[in-house]
Amino acid sequence: MNSVLEAIEVKKNFSDAHRVLEVLKGVNLCVQKGESIAIAGVSGAGKSTLLHLLGALDRPTAGTIILAGHNYNDLKDKELAQIRNRRVGFIFQFHHLLAEFSALENVMIPSLINGSPREEVTKRAKLLLEEVGLGERLNHRPAKLSGGEQQRVALTRALVNDPDIVLADEPTGDLDLNTGAEMINLIWSHTVERGKSLVIVTHDPEIASKAHRIYRLHNGILCDEKA
């Protein structure tokens, strides 16, 4: 197996006028191609912070993150944004869909940003939406979609650029039990089962149990649950 993403002694501090808060105190993680990893931990432990760093949405205070051979420390902000757009797919708890655009347009946006031909992007976005059962909802705006449908749009948006890795932050946290279970099955079938890597933050032990490895973030350190 080949390493897709590696974090080495990653630290993240936040500070204000009165104190420095050490959220991550030296996180180490290696994600292999086609591997699924679950990260658990109490609220406020820094799970979302870690996911944002892994996905190049933020930079660490110290440490190294390498994605598909690209060291984030060596990249300027524009280069980092290009890597993020092309190689990382994000699924957030609250969808973050653009209200003024249709489901199809929301899915197309990441590919249009990187300059892919519109005809090609439209075809791929439609195919992905059809695969998750939204073939009849292509032109509906988010307000006309259920929570589960919105999260399916978010999944297809994460996949449209054929990323190396998908990062999911509590993707079922805003869904009911049955809809959440359907969503998890879709995430796994469209990522791990197709050879992509997946890192998922979840508080649900049943979801975590589907992953190849489970970690817990505690006191700023990532610990292997089986260690």
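Every number here is computed from the coordinates shown, using simple stated rules; none is lab data. Nothing here was measured: the structure is a model prediction, and the numbers come from that model. Because the Cβ atoms are built from the backbone with ideal geometry, glycine has one as well, and the counts that use them run over all protein chains shown.
Distances over 27 Å make up what percent of all Cα-Cα pairs in the chain?
33 percent
Would you please state which residues of segment 96-117 a label at LYS78 would reach in this model, taking the label point 7 Å out along Cα→Cβ and a backbone N cut-off of under 14 Å?
None, by backbone N distance to the label point.
Can you give me the angle between helix 177-190 and the longest principal axis of the chain, using Cα atoms only, in degrees from 0 to 90, rounded to the nearest 10?
Between helix and principal axis, roughly 90 degrees.
Trypsin sites (Lys or Arg not before Pro), restricted to segment 20-115: which are DSSP loop and have at most 12 other Cβ atoms within 10 Å?
Those that pass, being in a loop and sparsely packed, are LYS76.
Quick check for you: which residues of segment 76-93 have the amide N under 16 Å from the point 7 Å beyond the Cα of ARG59 toward its beta carbon?
Answer for segment 76-93: 76-84.
Filter the cross-link list LYS47/LYS210; LYS47/LYS144; LYS12/LYS144; LYS11/LYS78; LYS123/LYS210; LYS33/LYS210 down to pairs whose alpha-carbon distance in this structure exceeds 27 Å.
Going by Cα-Cα distance, LYS47/LYS144; LYS12/LYS144; LYS123/LYS210 fall outside the 27 Å limit.
For segment 3-224, what's the relative contact order in percent, using C-alpha pairs closer than 8 Å and at least 6 residues apart?
That works out to 32 percent.
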